[in-house]
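K.L.:
Following this message is one structure expressed as C-alpha cells.
The values are calculated or read from the model by the stated rules, or taken from the named source; none is laboratory data. Quick caveat: nothing in here was measured; it's all calculated off a predicted structure. Cβ placement follows ideal geometry from the backbone for every residue including glycine, while neighbour counts extend to all protein chains displayed.
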Amino acid sequence: MTASTDLRRTALYGEHVKAGARLVPFAGFEMPVQYAGILKEHDAVRHRAGLFDLSHMGQFMLEGPNVAQWADTLTINAVGTMKPMQARYNIFCNPQGGAHDDTIFYRLENDRWMLVVNGANADKMWDHLNANLAEGVRLENLHGRNALIAIQGPKSVELLQPHVDIDLASMKYYFCAQGNAYGRPAIIARTGYTGEDGFELFVSGDHAPEIWSNLLRDESANGLEPCGLGARDVLRLEAGMPLYGHELTEEIGPVQGGQQWALKMSKPEFIGRNVLAEQLERDDYPRIVGLVMAGRAPAREGYKVFLGDREVGEVRSGSMAPSVENKNIATALVAKDAATVGTTLAVEIRGTKHDATVVNLPFYKRAK
Amino acid sequence: MAQPADLLYSKEHEWVKVEGDTATVGITDYAQNSLGDIVYVELPKVGKQIDQFGNIGVVESVKAVSDLFTPIGGEVVEVNNGLDADPAAVNRDPYGAGWLFKVKLKDASEKSNLLSPDDYEKIAQD
C-alpha cells in the first residue's frame, strides 16, 4: 500500500473527513470507500439519491478544428457524429485490441470536447493522447484541479433542480449543459455509473466543497446521502457496467468485454481495428459473462471457473447484490462454449466448487 | 465502545466466553465495524478439531474476504446456523445473536494466551 503522504486529496477531502468517511487509497487519491455503510448507501441510490465524489477521475479538455477526426482514429465509437452537448461512451484500444481505457466524451461546443477517463488511467491516457497528438488539437489536463460530484438515484431531478439554473427534467440521457450550481459554473451531465437516473456536475475544485456541503445541508432531509466507492462498485456491477481493470484491461478489449454495442466497424481506421475485426470474424475468443451463484458464498475476482471438470475461465468481479434478491453475482471471462445463457458453471471457492448460472447482463435494470 | 468484561479476547479481534468446559466464540464490535456489512460467514463443521489461533473459516463483507482464526482450541460442538440467512447479525449484535461457534475445550490453560478486556481495549483503540 502506498504511504498516505504519497496520496493526493480531492477538493472534497475535508468534507469526507468531517463526515467520518472511511478513506482508502484509490487511483492515487485518498477516497471515501464508505460513509454510513455500503448496503445503506446502495439502498439510498436505488430508492432515493446518493452523492458521490468522483474527483479522482481524469478530466481532459480537447480543443481545435481537428479533434473529431483525430479522436475517431484513437477510439472504437464515433466522436465526429456527436451532437453539441451530447455525451458518448467510448473506448481507447491498443494495437492488440485490448483496452487502454473506457471513457466518456462530452461535446461542449462544435470544436471543444471534455474527455473523462478513469482515475487509475489518467496519467497513462494523458501520455497516450500526447504521444498521438495531431495538428489542430490542443489538450488541457484538469485532473485533480476540477472536481466531479455525482448525484444518482430516482430522486435526482427533484433534489438537484432547486439548486441549478438548467431544466433537468428536459435534459436527455447522455446529454449535458453548461449552467450553474448554487451560482457556481458547472457542466451538468445526465450521465452516471449506477444504473439509476442521475447527474454529474463538473465544477472547479475551489467551488466543490460549498456545492457538496450545500446539497447535503439542503437535501439530506429529502433522502440525499453521501456515498462511497464501495456502494458505487456494487451498483455498477448490478447494472452490468464494466470497471476498468476487471471487465476491461489491456488484454480484455471491447469485443471480449461485451462493449460491441459501442464498436463502430464502419469507421475505416482506428487503433485496434484489425484485431477486433479478426476477433469478430473468428468468434472464438473468451468473453465476459454474468454469473448468478446458487449458494451463499460470494464469488471474488480471480476465482477459477469450471464447465464440468474443465477450467474455462476466471471471475473478474463479484459481490452480493441487494438489487438481485441478495444473491451473489459475478462477471467472469470464460471460453465461448461456457458462455451460453443458462449454462451451469462452477466457481471454485477455497477448494470447493459452487454452482453458478450464466445469465444475461445487466443483472439489474431500473423500471422506466 | 467498552469491551464486555466477562469475555477474553485475541489480537485477531475474536472474543471467547468460557462456561465450564465449553467456549463460545465470536468477533468483536471493533472487528465487525472494521469489516463493514457482513454478507457471508464460513464456519468449521461440527465435530472438527481446531487448534488455538488456527485459520478455521472466513468472514466476508461486501468488499472483502477476511480469514477467521479461532482464539481457542478444541472440538466444534455447535455453529450458529442462523448466520446463513442473517449474516448481518454479526454487525448488529456481535456479542449476542452474532456469535459464531462453540468449542469443547481441549486445554483450559490456553485461556492464559488470551487478552483481558482492558488489554484488548488498548489494541482496539489503535
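K.L.:
For the stretch A:27-56, name all the residues that are farther than 18 Å from residue A:192 by Cα and in a loop (DSSP other than H, G, I, E, B).
P.N.:
A:27, A:28, A:35, A:36, A:37 - these are the residues of the stretch A:27-56 that are farther than 18 Å from residue A:192 by Cα and in a loop (DSSP other than H, G, I, E, B).
K.L.:
When the stretch A:124-165 is examined, which residues are found to be assigned to a helix (DSSP H, G or I), touching a residue at least 12 places away in the same chain (Cβ under 8 Å) and not basic (Lys, Arg)?
P.N.:
Correct list: A:125, A:126, A:128, A:129, A:156, A:157, A:158, A:159, A:160, A:162, A:163.
K.L.:
Now for a different question. Identify all residues within the stretch A:254-270 that are crowded, with 20+ Cβ neighbours inside 10 Å, within 22 Å of the chain's Cα centre (by Cα) and of a type in the set (A, V, I, L, M, F, W, C); write none if there are none.
P.N.:
Those that are crowded, with 20+ Cβ neighbours inside 10 Å, within 22 Å of the chain's Cα centre (by Cα) and of a type in the set (A, V, I, L, M, F, W, C): A:255, A:263.
This table checks each residue for (1) in contact with a helix residue (DSSP H, G or I) (Cβ under 8 Å, 6 or more places away or on another chain); (2) in a loop (DSSP other than H, G, I, E, B); (3) not polar (S, T, N, Q).
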{"site": "A:169", "(1), (2), (3)": "yes, yes, yes"}
{"site": "A:172", "(1), (2), (3)": "no, yes, yes"}
{"site": "A:177", "(1), (2), (3)": "no, no, yes"}
{"site": "A:191", "(1), (2), (3)": "no, yes, no"}
{"site": "A:206", "(1), (2), (3)": "no, yes, yes"}
{"site": "A:210", "(1), (2), (3)": "no, no, yes"}
{"site": "A:214", "(1), (2), (3)": "yes, no, no"}
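Conditions tested, residue by residue: (1) over 18 Å from residue A:105 (Cα atoms); (2) buried (at least 17 other Cβ atoms within 10 Å of the Cβ); (3) basic (Lys, Arg).
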{"site": "A:168", "(1), (2), (3)": "yes, yes, no"}
{"site": "A:178", "(1), (2), (3)": "no, no, no"}
{"site": "A:189", "(1), (2), (3)": "no, yes, no"}
{"site": "A:192", "(1), (2), (3)": "no, yes, no"}
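K.L.:
Out of the residues in the stretch B:80-91 meeting the condition of being surrounded by fewer than 17 Cβ atoms within 10 Å (Cβ to Cβ) and within 12 Å of chain A (Cβ to nearest Cβ), tell me which one is farthest from residue A:37 (Cα to Cα).
P.N.:
B:81
K.L.:
Looking at A:225, A:269, A:251, A:219, which one is among the acidic types (Asp, Glu) and in a helix (DSSP H, G or I)?
P.N.:
Exactly one residue qualifies, and that residue is A:219.
K.L.:
Can you pull out the residues in the stretch B:26-36 that are among the aliphatic types (A, V, I, L, M) and buried (at least 24 other Cβ atoms within 10 Å of the Cβ)?
P.N.:
Answer for the stretch B:26-36, where residues must be among the aliphatic types (A, V, I, L, M) and buried (at least 24 other Cβ atoms within 10 Å of the Cβ): just B:27.
K.L.:
Can you report the number of residues in the stretch A:327-364 which are surrounded by 13 or more Cβ atoms within 10 Å (Cβ to Cβ) and within 30 Å of residue A:48 (Cα to Cα)?
P.N.:
Residues in the stretch A:327-364 being surrounded by 13 or more Cβ atoms within 10 Å (Cβ to Cβ) and within 30 Å of residue A:48 (Cα to Cα): 10 in total.
K.L.:
For the stretch A:243-253, which positions are surrounded by fewer than 24 Cβ atoms within 10 Å (Cβ to Cβ) and either over 13 Å from residue A:120 (Cβ atoms) or in contact with a Gly (Cβ under 6 Å, 6 or more places away or on another chain) (or both)?
P.N.:
Matches in the stretch A:243-253: A:250, A:251.
K.L.:
OK, next. Name the residues in the stretch B:37-55 that are away from every other protein chain (no Cβ under 12 Å), in contact with an Asp or Glu (Cβ under 9 Å, 6 or more places away or on another chain) and either part of a loop (DSSP other than H, G, I, E, B) or surrounded by fewer than 21 Cβ atoms within 10 Å (Cβ to Cβ) (or both), would you?
P.N.:
B:46, B:47, B:48, B:49, B:52, B:53 - these are the residues of the stretch B:37-55 that are away from every other protein chain (no Cβ under 12 Å), in contact with an Asp or Glu (Cβ under 9 Å, 6 or more places away or on another chain) and either part of a loop (DSSP other than H, G, I, E, B) or surrounded by fewer than 21 Cβ atoms within 10 Å (Cβ to Cβ) (or both).
K.L.:
Test residue B:57 against the stated conditions and say whether it is modelled with pLDDT of 95 or more and either among the basic types (Lys, Arg) or over 27 Å from residue A:231 (Cα atoms) (or both).
P.N.:
No, not satisfied.
K.L.:
Something else about it: Scan the stretch A:232-241 and give yes if some residue there is closer than 19 Å to residue A:280 by Cβ and crowded, with 18+ Cβ neighbours inside 10 Å, otherwise no.
P.N.:
no
K.L.:
Looking at the stretch B:58-79, which of its residues are within 14 Å of chain A (Cβ to nearest Cβ) and either in contact (Cβ under 8 Å) with a residue 40 or more places away in the chain or of a type in the set (Phe, Trp, Tyr) (or both)?
P.N.:
B:68
K.L.:
Within the group A:235, A:248, which residue is at pLDDT 95 or above, more than 12 Å from residue A:150 (Cβ to Cβ) and in contact with a helix residue (DSSP H, G or I) (Cβ under 8 Å, 6 or more places away or on another chain)?
P.N.:
Unique residue meeting the criteria: A:248.
K.L.:
Among the residues of the stretch A:223-237, which ones are within 14 Å of another protein chain (Cβ to nearest Cβ) and either over 19 Å from residue A:333 (Cβ atoms) or among the aromatic types (Phe, Trp, Tyr) (or both)?
P.N.:
Answer for the stretch A:223-237, where residues must be within 14 Å of another protein chain (Cβ to nearest Cβ) and either over 19 Å from residue A:333 (Cβ atoms) or among the aromatic types (Phe, Trp, Tyr) (or both): A:227, A:228, A:229, A:230, A:231, A:232, A:234, A:235.
K.L.:
Whether any residue in the stretch A:294-308 is touching a helix residue (DSSP H, G or I) at 6+ places or on another chain (Cβ under 6 Å) and surrounded by fewer than 16 Cβ atoms within 10 Å (Cβ to Cβ) is what I want to check.
P.N.:
Within the stretch A:294-308, not a single residue is touching a helix residue (DSSP H, G or I) at 6+ places or on another chain (Cβ under 6 Å) and surrounded by fewer than 16 Cβ atoms within 10 Å (Cβ to Cβ).
K.L.:
Another question about this same structure. Among the residues of the stretch A:208-228, what is the count of those that are surrounded by 21 or more Cβ atoms within 10 Å (Cβ to Cβ) and within 22 Å of residue A:23 (Cβ to Cβ)?
P.N.:
Of the residues in that region, 8 qualify.
K.L.:
Tell me yes or no: at least one residue of the stretch A:24-35 is more than 14 Å from chain B (Cβ to nearest Cβ), closer than 22 Å to residue A:187 by Cβ, surrounded by fewer than 23 Cβ atoms within 10 Å (Cβ to Cβ) and touching a residue at least 12 places away in the same chain (Cβ under 8 Å).
P.N.:
yes
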